[in-house]
Amino acid sequence: MTNSALRFALTSLAALALAGAAALAGEGPASGATEAAASSPPAPRTLAYFANYRHDPTLMADLGMLMDACQKGHMTHVIVGLFHCDWLNRPEGMGACVSLNGLYLDDPTLQPLWEAVRLLQARKIKVIASFGGGGVGDYHHLLDPAHPEWYAPLRAMLRERHLDGLDMDIEESGNIVATKNVRRILKKLRRDFGDGFLITSAPVASALTGGSNISSGINYKKLMKEGWFTWYNLQFYNGFGDVLGGAYGSPDYEAVLRANKDVSPRKFVAGVPTSPASAGGNYHALSALTPKLRELAATYPGFGGVYGWTFQEAQVEGQLDPVGWMKGVAEAVRPEKDSQPETEEASMRSPRPGSKSAAPLYTFHALGAAAALPTAINANGDVVGWTTEDGQAFLAPRGGAMRPLGTFPGGHGSQATAVNASGQAAGWSDDGHYDVRAFLKEGSQQMADLGTLPGGSQSRASAINDGGEIAGWSFTSDALAPHAFLRDSAGAMVDLGTLGGAASQATALAPSAVQAKLAGWAQDAAASWQACYLPGDGTAMKSVLFSAKPQASQVAAIGLIHDDYLGDSNFMAGWALMPAGFDAFLWTAGSPVDLFGTRIGSQAAATAANAKGEAVGWYLDGRGACRAFLVSAGGQVMPQDLNGLMENPPPGDSLMIATGINDSGWIVGQTLGGKPFLLVPMSERNS
């Protein structure tokens, strides 16, 4: 340690001691902005920035990886974002409100996230909401003293979602975006949530060194000295900072400390991009980053820690590996706590990308060069889904290229979620006014708006069967309570109700209704979201019965099993959120639920099923890597990693998630590199 570093370390220890004393004395806002004092400097934080939230089947895999990193002790906090003022899909007639990446907070699509938040908090992980970012005008609403109505929905969101803190990501400028107006909101937050509530901010690093400040009207140094913020999540990227040493003249972490000598390093968390795509510049591979983080943690007592922008995009050695990235960072800044051996699940072999099994069963086919997520495949081999770069629904006819399905007139985006044997595709599109409606697309005809349940403003379609029936969900006259619906081929939409709670969602239709016609999940009387199904006779929704009730569960698909003696029976596949995280399940009415995910890896979920007794989905192996699996209904055959069943694996890539399977065993999904794939059984390789 150099003499200057030693002097800074002693100064930092003194600053920590004084801050702790101020907190214990309850002096002004600093008492709420300072974490508990300790006899020795606290360990550096490691934060997972769960931003750019994806509301599609890959969300479950993202959440599974987040839970896996939590279980392995790689993170201390999770920041969820991005929350916005009145952004995109506000239900018609609503006043000022807060949304999450364009989705209304009670959208059923977001429910897995809220359930995961509760589970993270039960494991002592602090969950913080990231509000703003992207310069979209959130703070021109929130900070405007002439429009105080914008604070109430922000406060309601924090309370109703039981979040532990707020990260203010202010990327705007102008007369309204000023220090005095920020201070006014901070006073309200501290008044309403108390001293234990975490309030952070995410300025660019150069704003703390006298350089560029994209929120130029805010004096971050002054607000820090006044003690309002618990810490700063500094952005060392996009040319505003470089944690490894000032590339392009950008300040490094030490420059921030030199410019703020009277502030403890505990107040500064270093934010770094996790992949080349995460931020426009200053990206460093994990192997180059960790030595510097190790040096910072050793040199500066009370080093604030590190966050990665973003968790879902994190790479290790050029491969998507969020769990591995968090592991590497945690071991660098907390080596005595996070050094643990790698483990492999003994129950299932997990081939590395490019490896082959002894007896390949499938041939691999790329569905196109564009990044896309297939969601379903019909009996003819037609595939639907959406492109992930621009959010447009597509249909790829058997053997053909992906072609766009379009949107409603004036719409911005669409997603296709299901396709039947006739080639009818269902899904959802916005209508140009940011209301989302379920659609039906037939051939070259214009996309048909399926409407909503009475009084509703939004709807989505999740499934369609060969008879033209469509299932999904719709808001009702109660904008806070979406309900599952079944629409018959004549166009009549029926409200299917709930399990005694306020809301429900239909996600699957049976290929042939025996015990079950439709399934999904719904709130029970205790407001818990639980897997449910509509019996074949069309009576009221029933619960899927688990021996130990999960925190939440969902049926993702209904399949069919044929027995020469007992006849046909439906089985349901999905996921259950248990104390350890996401677990895949298979269930036939009258039989015990088979939770088989623990036979695969640390987290798992089933996503699709067919009428031949097969189901597919994703799981995390012992290293935390996400991989696609295949299993037979009832679990009589051990789940198999699809990466080991290909004759011609994709070079340098692997199968991350399987999202659809037809009765011929053709499987679609997405690779780790974000590309759509099709697996065809070798018995049909010439078809």
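Test each condition in (1) open to solvent by 20 Å² or more (accessible area, probe 1.4 Å); (2) at pLDDT 95 or above; (3) within 27 Å of residue 555 (Cβ to Cβ) for residue 364 and report the one that comes out false.
(3)
Please pick out the residue among 508, 526 that is modelled with pLDDT of 95 or more, closer than 23 Å to residue 109 by Cβ and aliphatic (A, V, I, L, M).
So the residue among 508, 526 that is modelled with pLDDT of 95 or more, closer than 23 Å to residue 109 by Cβ and aliphatic (A, V, I, L, M) is 508.
For segment 456-474, which positions are surrounded by fewer than 24 Cβ atoms within 10 Å (Cβ to Cβ) and either on the phi < 0 side of the Ramachandran plot or assigned to a strand (DSSP E or B) (or both)?
457, 465, 466, 467, 469
I'd like the full set of residues that are outside any strand (DSSP E or B) and under 28 Å from the mean Cα position of the chain (by Cα), limited to segment 497-514.
497, 498, 510
Quick one: in segment 441-455, of everything that is open to solvent by 30 Å² or more (accessible area, probe 1.4 Å) and not small (Gly, Ala, Ser), which residue is nearest to residue 608 (Cα to Cα)?
Residue satisfying both the conditions and the ranking: 442.
For residue 576, all conditions in the list (1) farther than 19 Å from residue 669 by Cβ; (2) open to solvent by 10 Å² or more (accessible area, probe 1.4 Å); (3) outside any loop (DSSP other than H, G, I, E, B) hold save one; what is the number of the exception?
Residue 576 satisfies every listed condition except (2).
Hey, can you tell me all the residues within segment 663-684 that are closer than 27 Å to residue 562 by Cβ, buried (at least 24 other Cβ atoms within 10 Å of the Cβ) and not hydrophobic (A, V, I, L, M, F, W, C)?
Across segment 663-684, the qualifying residue is only 669.
Confirm whether residue 166 is touching a residue at least 40 places away in the same chain (Cβ under 8 Å) and touching a strand residue (DSSP E or B) at 6+ places or on another chain (Cβ under 6 Å).
no
Considering only segment 583-640, state which residues are touching a Pro at 6+ places or on another chain (Cβ under 6 Å), in a strand (DSSP E or B) and open to solvent by less than 10 Å² (accessible area, probe 1.4 Å).
The answer is 629, 631.
Of the numbered conditions (1) in contact with a strand residue (DSSP E or B) (Cβ under 9 Å, 6 or more places away or on another chain); (2) open to solvent by 40 Å² or more (accessible area, probe 1.4 Å); (3) assigned to a loop (DSSP other than H, G, I, E, B); (4) modelled with pLDDT of 90 or more, residue 172 fails exactly one; give the number of that condition.
It is condition (2) that residue 172 fails.
Given the condition of a type outside the set (Asp, Glu), open to solvent by 50 Å² or more (accessible area, probe 1.4 Å) and within 25 Å of residue 293 (Cβ to Cβ), answer yes or no: does some residue in segment 182-192 qualify?
no
Given the criteria hydrophobic (A, V, I, L, M, F, W, C), under 21 Å from the mean Cα position of the chain (by Cα), at pLDDT 95 or above and outside any helix (DSSP H, G or I), does residue 323 qualify?
No; evaluated as a whole, the condition is false for this residue.
Only one residue in 540, 527 is surrounded by fewer than 23 Cβ atoms within 10 Å (Cβ to Cβ), at positive phi and either touching a residue at least 24 places away in the same chain (Cβ under 8 Å) or not in a loop (DSSP other than H, G, I, E, B) (or both), so which one is that?
Answer to the selection: 527.
Being in a loop (DSSP other than H, G, I, E, B) and without any contact (Cβ under 8 Å) to a residue 12 or more places away in the chain: is that true of residue 489 here?
no
Restricting to segment 238-289, and then to whatever is at positive phi and among the polar types (S, T, N, Q), can you tell me which residue is most open to solvent (accessible area, probe 1.4 Å)?
Among those that are at positive phi and among the polar types (S, T, N, Q), it is 238.
Pull up segment 424-440, narrow it to residues that are open to solvent by 20 Å² or more (accessible area, probe 1.4 Å) and in a loop (DSSP other than H, G, I, E, B), then point me to the one that is nearest to residue 658 (Cα to Cα).
424
Counting only residues that are in a loop (DSSP other than H, G, I, E, B) and open to solvent by less than 20 Å² (accessible area, probe 1.4 Å), which one in segment 372-401 is farthest from residue 645 (Cα to Cα)?
The selected residue is 378.
Mind counting the residues in segment 485-524 that are under 13 Å from residue 559 (Cα atoms), open to solvent by 30 Å² or more (accessible area, probe 1.4 Å) and not small (Gly, Ala, Ser)?
Of the residues in that region, 4 qualify.
Would you mind finding the one in 513, 519, 576 that is modelled with pLDDT under 90 and small (Gly, Ala, Ser)?
None of the other options fit; the residue is 513.
Taking the stated definitions as given, is residue 386 in contact with a helix residue (DSSP H, G or I) (Cβ under 8 Å, 6 or more places away or on another chain) and either modelled with pLDDT of 95 or more or closer than 25 Å to residue 106 by Cβ (or both)?
So residue 386 does not fit the description; no.
Considering only residues of segment 115-131 that are open to solvent by less than 30 Å² (accessible area, probe 1.4 Å) and free of Cβ contacts under 8 Å to residues at least 60 places away in the same chain, which is farthest from residue 71 (Cα to Cα)?
Ranking the qualifying residues of segment 115-131, first place goes to 131.
In segment 193-208, how many residues are open to solvent by 40 Å² or more (accessible area, probe 1.4 Å) and either over 28 Å from the mean Cα position of the chain (by Cα) or touching a residue at least 60 places away in the same chain (Cβ under 8 Å) (or both)?
Residues that pass the stated criteria total 2.
So, restricting to helices (runs of 4 or more DSSP H) that lie completely within segment 1-114, which ones have at least 3 residues that are in contact with an Asp or Glu (Cβ under 7 Å, 6 or more places away or on another chain), modelled with pLDDT of 75 or more and open to solvent by 10 Å² or more (accessible area, probe 1.4 Å)?
Correct list: empty, since no element meets the threshold.
The values are calculated or read from the model by the stated rules, or taken from the named source; none is laboratory data. Predicted, not measured: the structure shown is a model, and the values here were computed from it. Neighbour counts run over all protein chains shown; Cβ positions are idealised from the backbone, glycine included. For the accessible areas, the whole protein counts, side chains as well, though only heavy atoms, and no ligand, DNA or RNA atoms are used. Shrake-Rupley method; radii C 1.70, N 1.55, O 1.52, S 1.80 Å.
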